[in-house]
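Colleague: My questions all concern the structure below.
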Amino acid sequence: MATRLLQDPRPVRFAQATAGSAALSIAAVGASILIASALAYNTKLGVALMLALCFVPLALLRLQLAICAWIVLLFFSRASGLEALPDKLLLFITVAWIGLLVGRRATSRKALVPDRAVMVWVAAFVLWVSLTLAWAPAPGAGERPIKELLYGGLGLALVLGATVGRRHVRWVMMAFVAGAALSVLWGVAKGGLSASGGEVADLEGRLQGGAGDPNYLAAVLVPAVMLAAGLAVQASAARRVLLAAATAVIAVGIVATQSRGGLVAGGVCAVVALVIWRGRRGLILALIGLVVAVAVMFYVANPAAWHRVQAANGNGSGRVYIWNVAWRIVHDHTLFGVGIGQFPQVSPHYVLKPGALEYVHLIVDQHAPVHNVYLQLWVEAGIIGLLLFLGLVVTSLALGWRAARRFDARGDVEMSALSRASIIALIGMLTASFFLSNLNADQLWVLLALGPVLYGLAQRQPRASPSLDAPG
């Protein structure tokens with residue numbers, strides 16, 4: 001026994017560490033050879049393999065951080081070469097999440113929101129929209145919208161199931177703000193504010209960043225400002241400075257898009273915030289002042305941009321005429337719609353009906369969408385599809401409001417602020433969607449998940465310890 005006590009365990013530990021390092025090195029070299037071979041054989045296969053080997057381990061070890069990385073990349077989903085990357089990462093993270101559930105490293109209580117009403121609405125909505133392909137005149141045209149809708153629903157489910165702690169809610173919101181600011185900075189670095197517009201601006205010189213369209217970019221930037229306001233309520237001084245800087249960058253992006261819909265959404269957010277966030281009106285007014293100051297400086301330096309914003313001629317760049325055609329289709333297909341993705345297929349037949357129409361080329365030649373997510377849903381999925389989507393929206397907003405009231409009752413200032421910020425952010429994007437057909441924007445589905453996430457957290461949080469984080 002004495003002999004065993006006098007033995008030095010360090011040689012054994014050194015040998016084990018050396019063997020572990022050697023095994024890790026061999027694995028790294030093998031993985032590198034495998035990725036290089038796959039890239040040489042097929043670029044897409046190599047990229048997919050690289051993502052699997054690099055990203056899945058991160059998702060297994062730090063699932064919430066992987067989700068945050070995915071949210072940041074959503075703001076570059078239309079950037080050249082990155083179009084398919086967010087969807088692939090979403091699938092990788094989902095596989096990792098399922099693996100954690102099977103391995104019991106994530107409990108079902110944390111992985112599923114106590115209130116399942118949102119998932120019921122999502123499932124019913126996706127099922128109905130998919131069913132509309134049964135009577136669609138060109139079912140092949142609905143393949144992509146259905147695929148995008150499935151990705152959106154999957155992203156919502158992932159955020160619902162994996163965002164189980166207070167700090168996770170902060171991370172998701174900070175990732176949203178960071179993605180918005182980085183998308184603007186990336187666009188500026190690519191020459192989006194220059195006279196030529198570079199490769200990240202449209203023909204009119206409007207900034208489109210990584211969104212591929214100025215109006216779509218503005219629609220996701222406005223909610224980011226609201227989330228930044230919520231994060232700033234209980235943040236440290238250093239973090240507030242960073243959030244203020246990010247807000248200024250995002251404000252530049254909003255005005256640089258020259259999107260009237262984005263400006264309308266920002267105005268609606270400001271009014272709603274002043275109404276439902278009474279205890280923080282000073283912060284809201286300061287935020288409004290910052291955005292307005294940035295906008296004034298930008299438009300003074302770019303008078304042509306201001307001229308475009310105020311040069312509304314009553315037709316919304318052709319939107320009103322497209323809406324007129326959409327209403328004609330709704331009149332004939334009120335209940336069931338014409339099928340998902342079918343408006344560009346059906347609309348040319350309706351421009352021949354009596355009544356003056358301009359911008360016919362937008363429908364016949366360019367096959368433009370409706371440019372209104374609610375009217376497009378009514379056209380393509382009927383009143384049933386529209387009501388199912390509105391049911392999902394109302395449920396998310398209601399759960400966010402109930403979460404805010406619960407946190408208010410417990411004196412939890414931070415989570416109450418984040419709940420209100422999530423409500424206002426969602427309202428902002430829904431307002432912008434009145435001028436866009438952006439149901440495929442994954443940011444919308446992330447925002448739809450925040451209210452239920454916060455309500456689930458409010459239900460699980462002990463009354464006596466509102467400041468404690470849920471275990472990771």
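Computed from the coordinates by the stated procedures, all read-outs in this text should not be read as laboratory data. If you're wondering where the values come from, they're calculated on a predicted model, not measured in any experiment. Here Cβ is always computed from backbone atoms with ideal geometry, including for glycine, and neighbour counts include all displayed protein chains.
Colleague: For the pair Ile383 and Leu65, what calculated FRET efficiency results from E = 1/(1 + (r/R0)^6), where r is the Cβ-Cβ distance and R0 = 51 Å, to the nearest 0.05?
Modeller: The computed FRET efficiency comes out at 0.75.
Colleague: Which order do peptides 205-211, 325-331 fall in by mean Cβ count within 10 Å, highest first?
Modeller: Output ranking for 205-211, 325-331: 205-211, 325-331.
Colleague: Take Leu290 and Leu91, extend 7 Å from each Cα along the Cα→Cβ direction, and tell me the distance between the two endpoints in nm.
Modeller: About 3.9 nm separates the two model spin labels.
Colleague: Here's another thing I want to ask about it. How much length, in nm to one decimal, is gained on full extension between Ser130 and Ala398, taken as 0.36 nm per residue of separation minus their Cα-Cα distance?
Modeller: My answer for the length gained is 93.8 nm.
Colleague: Another question about this same structure. Using the per-residue mean of other Cβ atoms lying within 10 Å as a proxy for protection, in what order, highest first, do the peptides 433-442, 376-385 fall?
Modeller: So the order, starting with the most tightly packed, is 376-385, 433-442.
Colleague: At 0.36 nm per residue, minus the direct Cα-Cα distance, what do Ala301 and Arg281 gain on full extension? Give it in nm, one decimal, please. Display every interim value, and only then the final one.
Modeller: Values: separation 20, 0.36 × 20 = 7.20 nm, distance 3.00 nm.
That works out to 4.2 nm of additional length.
Colleague: Full extension from Glu83 to Ala248: what is 0.36 nm times the residue separation minus their Cα-Cα distance, to one decimal in nm?
Modeller: Here the segment from Glu83 to Ala248 would lengthen by 56.7 nm.
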